[in-house]
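Coordinate-derived values only; no laboratory data. Just so we're clear, the structure is a prediction, and the values are computed from it rather than from any experiment. Heads up, the Cβs are rebuilt from the backbone with ideal geometry, glycines too, and the neighbour counts pull from every protein chain shown.
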Amino acid sequence: MLRNISQFPWRFRCGLRAFRRRWRDESGGAFVEIALIVSILGLPLLLGSASIGTVIYDSIEIENAAHAGAMYGMQGTCCITQTALMTTAAQNEASDFGANLTVTPTSYYACSAAQASPTWTGPANMIESISLATAKSNCTGTSGHVLAFVKVVASAPVALPIRCCGLPTSITVARSSVMESEELP
């Protein structure tokens with residue numbers, strides 16, 4: 001029994017050393033650092049992703065509105081000059097924005113030297129003009145023909161769902177769509 005009592009301080013010291021080694025071990029330090037970083041940066045990253053997603057969704061909706069207005073105008077001679085109906089078609093497509101959606105439809109004519117091609121050959125061979133008569137007078141030669149285009153620009157303010165100091169509360173998103181008319185007026 002005396003032998004066990006004499007070994008007691010030694011065993012106690014060994015246990016104390018093992019206990020100290022466990023507390024000095026840094027194997028769980030990385031887990032604690034990751035937990036702190038995620039708790040500090042996780043919420044702002046999540047909210048920022050939601051905000052960007054909202055802006056992207058609204059910009060796609062505005063782009064679809066511009067495309068719908070241009071689709072209406074490109075139907076042919078009946079619709080190429082009816083800007084009010086192109087505006088209505090665009091606003092019906094993006095009804096979520098209501099009166100905040102601004103639609104600007106325009107139609108213009110061009111002369112193309114590539115009649116076999118379904119589109120014009122490029123800015124060097126294309127003369128944009130305001131009226132059909134001017135386009136016809138500028139388009140001379142046997143291979144030249146007049147092309148009619150419809151351009152619709154749609155824009156609307158998009159409110160950001162997250163308000164943060166230093167950032168704007170809304171941004172204006174504008175999209176445009178250009179289409180060639182199916183037939184000339």
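For the reader, a short list of remarks on this structure follows.
- Between F31 and S137, the simple spin-label model (points 7 angstrom out along Cα→Cβ) gives 8.4 nm.
- Simple spin-label estimate for I40 and N92 in nanometres, 7 Å along Cα-Cβ: 5.5 nm
- Computed FRET value (nearest 0.05) for C165 with I52, which takes r as the C-beta separation and R₀ as 25 Å: 0.85
- Less than 5 angstrom separates the built amide H of T81 from none of the residues sequence-distant by 5 or more or on a different chain.
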